[in-house]
1. Can you list the distances in nanometres, one decimal and ascending, from the residue B:17 label point to the identical position in each other copy, with the point 7 Å along Cα to Cβ?
2. For labels at residue B:175 and residue A:112 in the simple 7 Å Cα→Cβ model, what's the distance in nm?
3. Starting from the exponent 0.38 and prefactor 2.2 Å, build the expected Rg for segment B:58-97 from its residue count and divide its actual Cα Rg by it.
4. From zero up to wherever the largest Cα-Cα distance of segment B:261-304 sits, split into 5 Å bins and tell me the percent of pairs in each.
5. On full extension of the chain, what length is gained from residue B:227 through residue B:88, given 0.36 nm per residue of separation minus the C-alpha to C-alpha distance?
6. Which is farthest toward the positive dipole end of chain B among B:170, B:90, B:273, measuring Cα position about the Cα centre, with Cβ charges +1 (Lys, Arg) and -1 (Asp, Glu)?
7. If I require 18 Å or longer along the helix axis, counting alpha carbons, and a Kyte-Doolittle average no lower than 0.0, what helices from chain A are left? Use full DSSP H segments.
8. Once each part is reduced to its C-alpha centroid, what is the distance from segment A:260-304 to segment B:224-247 in angstrom?
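What follows draws every value from the coordinates through simple rules; no lab data is involved. Everything numeric here is computed off the predicted structure, so don't read it as measured data. Cβ coordinates were reconstructed from backbone atoms using ideal geometry, including for glycine residues, and neighbour counts include every protein chain displayed.
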Protein chains: 2
Amino acid sequence: MSLVSVGTVAFDTIETPFGKAEMVVGGAATYISLAASYFTKEQGIVSVVGDDFPAEELAYMKKRGINLDGLEIKEGEKSFFWAGKYHDNMNSRDTLVTDLNVLADFKPKVPMHLRNAKFLMLGNLTPEIQLKVIKQMKKRPKLIAMDTMNFWMDVAMKALKRTIKQVDILMINDEEARQLSGEYSLVKAAKAIHKMGPKFLVIKKGEHGALLFASNKMFYAPALPLAEVFDPTGAGDTFAGGFMGYIAKTGSTSFENMKRAVIYGSTMASFCVEEFSIGRLKTLKASEISRRVKQFDKLVAFNI
Amino acid sequence: MSLVSVGTVAFDTIETPFGKAEMVVGGAATYISLAASYFTKEQGIVSVVGDDFPAEELAYMKKRGINLDGLEIKEGEKSFFWAGKYHDNMNSRDTLVTDLNVLADFKPKVPMHLRNAKFLMLGNLTPEIQLKVIKQMKKRPKLIAMDTMNFWMDVAMKALKRTIKQVDILMINDEEARQLSGEYSLVKAAKAIHKMGPKFLVIKKGEHGALLFASNKMFYAPALPLAEVFDPTGAGDTFAGGFMGYIAKTGSTSFENMKRAVIYGSTMASFCVEEFSIGRLKTLKASEISRRVKQFDKLVAFNI
């Protein structure tokens, strides 16, 4: 197996200035694996749902080559549910409901045949669960990437730092990088975070693009300016899925290849926001991806 | 004459988390012309100061090849004064004092030998003054660029739109672009602003870089992530000066050349913020500029 991802598979109710979508499919592992499925057919997820999760959605994921042996279905229980409302500018949102449901006592079990995966993506979850997944791997993956959020910095910084120490790339947004490091300058934040363990850091800045830091290198990929941002939910996870899918496909963890992975991740995220839920990730064609990657290339190209 | 710029030459008192600078040299035309002086010696400014403005500062500007025939010195009056305090994140600031002084009844007079300049930069001032300067030009410059601010959108939108209609490039920040167009998406904002007259639009996004829009083209130059931002005052004007200086030096207004001008503008702005006032613009060497332009090139380069 090339890529294993852990994260939620869930329901979302989302309100944006453009409309409302009730009880639609969401969850970090859903977005990550669907985005990665455009690059690799050698992937599996580790997650948990209740028996309310639609069988046809799981069948669709399988059809896209996603191994679901690590997805536990708990009879008589409900899937994780999140409801949020975006403000007019789409850059901030309020969480209205968080029902942990099956997530409350989630004990991740990585199936034996996934434990030698080359690449591991830890979607946002409690740092303890993320660490458990790392420990279950038979041999250390070539690259471990990790997402997290400010909530864990507020309530579980110690456990969070323990997990961060074990990973190769941390993928967080600019606010989170500032909170985690205590530094406002992202250059200084990157230096501080390298010291915590990760050799690489991706700072996601939404409509302002993404930064990739290695100890002595830096890459800045702007986001494609879009006429319409319909629903930002899942954009960060879709970025991570595109990034790790591209790494899994190519096998290289050189800085040059990671730069390409950032571009593919940004490309996938730019599609994600065009429709509610995973809608756009279901209709996407390979030709659309390569066309948009060329747009990225054109967007930043200059000759001095 | 190649480039004429109109704008304030003034005093600032600035407080940042790093310190305080009292009654230091500032003003849009000061930053614009000093930045442009690294690219062209064929430039002049149109402005006004009181007799309190230090003769040695004017002598320094002259030494850098800036023609001051259009700078009126009003005996017995005081120069324009602005005081501001930056918040901890350096992305926002409060204006503490605005003393118009000589600016209150400023009537710009473009000297005869500057009236056939090829390039005109209108720094932020009342839209009426900006329009007067355009009208004084003997023949229509090849390129007219204009800066403005949200204040004029609040109190003089009609006059502002009259001036905007006459210019080729509008250079404003993202908030201003949104307010002027009524569109949140910058792609839509650009479309709306093109309809107001300007064929080109530069949207300055501070630490997130700058966007250049033509009717059917787009270019995104990220800002160089910096370890230290000491004082952001004048960064936008320095960007404009670097941009127009480069255009004046090269003479071309093709989209390809404007992209390079954005990179040179961003480069100059990245130096500006390293010290209070015009400090860094006084010590800068040509070799430092070309080294940093290469850093920009490296920052965004990728091969798909």
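1. Label point to label point, same position, other copies: 3.0 nm.
2. 6.1 nm
3. Taking the Cα Rg and dividing by 2.2 N^0.38 Å, one obtains 1.77.
4. Cα pair-distance distribution for segment B:261-304, in percent: 5, 22, 28, 22, 12, 6, 3, 1, 1.
5. 48.5 nm
6. Of the candidates, B:170 comes out farthest on the positive side.
7. Those that clear 18 Å and a mean of 0.0 are A:235-250, A:255-272.
8. 30 Å
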